[in-house]
1. Going down the table (Lys242/Lys340; Lys74/Lys660; Lys362/Lys384; Lys242/Lys297), which pairs top 23 Å between alpha carbons?
2. Please give the Cα centre distance for region 671-701 versus region 599-663, rounded to the nearest Å.
3. Which residues' amide hydrogens lie under 5 Å from the amide hydrogen of Trp441, considering only partners 5 or more residues apart or on another chain, with H built in the peptide plane?
4. Aspartates and glutamates within cross-link reach of Lys157: Cα-Cα under 18 Å, excluding same-chain residues under 8 positions apart?
5. Got a sec? How would Phe651, Phe390 order by Cβ neighbour count within 10 Å, fewest to most?
6. Considering Cα pairs under 8 angstrom that are at least six residues apart, work out the relative contact order of region 434-503 and quote it in whole percent.
7. Using the Karplus equation 6.51 cos²θ - 1.76 cosθ + 1.60 (θ = phi - 60°), what ³J(HN,Hα) coupling, rounded to whole Hz, does each residue of region 608-624 give in order, writing x for Gly and Pro?
8. With the crude spin-label approximation of a point 7 Å out along Cα→Cβ, what separation in nm comes out for Ser24 versus Ser54?
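Only the coordinates and a few stated rules stand behind these numbers; no lab work does. The structure presented is a predicted model; accordingly, all values stated were derived computationally and were not measured. Here the Cβ positions follow ideal geometry from the backbone for every residue, glycine too, while neighbour counts run over all protein chains shown.
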Amino acid sequence: MMKNAFLYLCLILLPVSLYAEDGSALWLRYQKLPENVAEQAVLDITGLLIRGESAVIKAAEEELRMAMAGLTGKEPVAVKKSGRGSRQSEPPEAGTLVIGTADHPEIGVLIPQKEVEQCGEEGFLIRRVVTRAGPVTVITANSDAGVLYGVFTLLRKIQTGEPVSALSIIERPAYRLRLLNHWDNLNGTVERGYAGRSIWWNREEDATVLAAQYKTYARANASVGINGTVLNNVNASPDALKPEYLRKFAAVADILRPYNIRVYMSVNFSSPAILGGLPHSDPLDPSVAQWWKDKVKEIYDLIPDFGGFLVKANSEGQPGPQNYGRTHADGANMLAEALKPYDGVVMWRAFVYEPSGEDRAKQAYTEFVPLDGKFADNVIIQVKNGPVDFQPREPFSPIFGAMEKTPLMVEFQITQEYLGFSDHLAYLSPMWKECLDAITWCRGPESTVAKVTDGSLFGHRLTAIAGVANTGRDVNWCGHHFAQSNWYAFGRMAWDHQLSSMAIGREWLKMTFSHEGDFIDPVLTIMMRSREAVVNYMTPLGLHHLMGWSHHHGPEPWTDIKNARPDWLPRYYHNASSTGIGFDRSPSGSNAVEQYFSPLREMYGNRQTCPENLLLWFHHLPWDYGLASGKSLWDELCYRYYGGVEEARFFQKQWDQLKKFVDAERFTHVQKKLKVQTTEAVWWRDACLLYFQTFSQREIPAELERPVHDLDELKKLKFNMTHHN
Ligand code: BDP
């Protein structure tokens, strides 16, 4: 007995940071705030007044109580009755947090409903109001969802130590649909997933265990404003539309609904033939259209708020309308008509290419831009950020800005298919910002990709953004603790694309790890430099696709596989030869630059004005070509590859010094990953440089260390996928 009491005492006296943490709580850990942070936030909320009964409002209340209890160490704040007595016009007691939609009278007396109109469908208002009774804090919105997002925002501000005593903010999301795309197969594998098997499919655990996990998923998404999720792979199995799978979609939808998350589905265009037994799936055949209408009705009977379909058609072997001589618009519109009565949407992907084409970077534009104006109004075209395929650096896709009459959405990849899987620390927010902030010049210097897609430039009402998820069954959800920051950053940016990567990273670090400035500053430095480091040790100066052609992990710039599709050959992309390296997309080459608006077209097309970080994307240049630094192209390549490795080493060293700020479990986990990252950075550097050297016939500058590998050995190295799935 005595012994137990002693143990108990020891446990409660242990500082929080020494407890083992496994990352399963993501950024919603709600650990007790350090005193100085709590003081700064000025937490004088003593009572709660909740108006509304919906499941969403209940979820908001539950979150608030749990978070406040954790953050302040006090019992959850009491729910108070309105005002003194029951008169609705009486203000609530000082220190009350009032929550509810703007149409409730108690809220109306505090905040004029008119003002809340600015919040739009899902935005919110948070304000400190001083009444006769004293100060109160109000979170209100036009919808329950807005209230939920307001609650999560207030909690984030408290979690990160922002003063909340004088808050007055109105926020509304930049995009209407903010989605995750899961590339999860019904058999439980995840295409390009590096955090274990699918959280959705082929699970054997008990329903309550799954429900608890899905609730954490839902809370995490709601906390950053994500309001939709596609549960199955874009390379879609027709089976997803079978009743037994529809029931699973419905079960997940029920769990996500209180967090304002709608469920969507990827569909296989040939489903009417494969599943329905029709002779074909021609979109212009009325019986095919009817099959889809019936299917859609079946779905909505089970999931009344089902979001819609995501479609990958006529790409990488997937079927599509072109199989029947029809266009993307014919296919998309047929599905859109079936979804229209229910307010469902079609997200039709523009990721298409023909292996035989002279330049894969041109194809999406060539196929889609002529169809501008031909799509139904509940169709949105989902375009990858770059013209090729989620490389560490690409220019933005030239489709952005070129289809004024059609809503376009950006698709980013959160899972690190081409950036070292879950083994490398790569904070992707700067990469996404680079795309969103890029000026398309379609309507002058204001026309950024962000404005083309958020509806503000062309006045589209249907706006959306998607991120390919990096979640799996791993305890920490994403494989690498720092990969969680990419899920977080995607959501934050989808809500507000003006946020800086630094600000997002700082928030995430405070919530996920520590408030200590001596921890945050060096780690934020690592995060902010990490993507560029990856670019440098993998594909500097605009190079791309130097990786192994099937797994996409290690370097294989020499790959020249017999029988492989020509577009999968790294050699096709880098074109290294004794005369130089790079893909000529200037007017003397494939002329892909022509797809951009002036002055980008001219700027990219001219090797003198092309930004150095995209030089070999647009130009094939001799090894001795002189760069701004005064170095030759070959020397610059060497310095970039070596610089990338130095960065990885620097990250390792920095992290090693931060042990005292992080719990042992996560510290060691990240430490091991950083070691792998450095090893693989060296592997990339040596493989690429030694291979290119066989063409350049030039020496690696003497002041750089010697490669540690031998090219023939590297060619034999086989990447082992087993630890990833
Ligand atoms: C590529 C992936 C492939 C996906 C494809 C897509 O390698 O697995 O199916 O993108 O986006 O990057 O459809």
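1. Those over the limit are Lys74/Lys660.
2. A separation of 14 Å, based on Cα centres.
3. Excluding prolines and chain starts, which carry no amide H, the hits are Ser447.
4. Of all the aspartates and glutamates, those that pass the test against Lys157 - Cα under 18 Å, at least 8 places apart if same chain - are Glu35, Glu39, Asp44, Glu61, Glu62, Glu63, Glu171, Asp496, Glu507, Glu516.
5. The most exposed by this proxy come first: Phe390, Phe651.
6. The normalised contact order for region 434-503 reaches 17 percent.
7. Per-residue couplings from phi come out as 6, 9, 5, x, 4, 6, 10, 4, 7, 6, 9, 9, 9, 10, x, 4, 8 Hz.
8. 3.1
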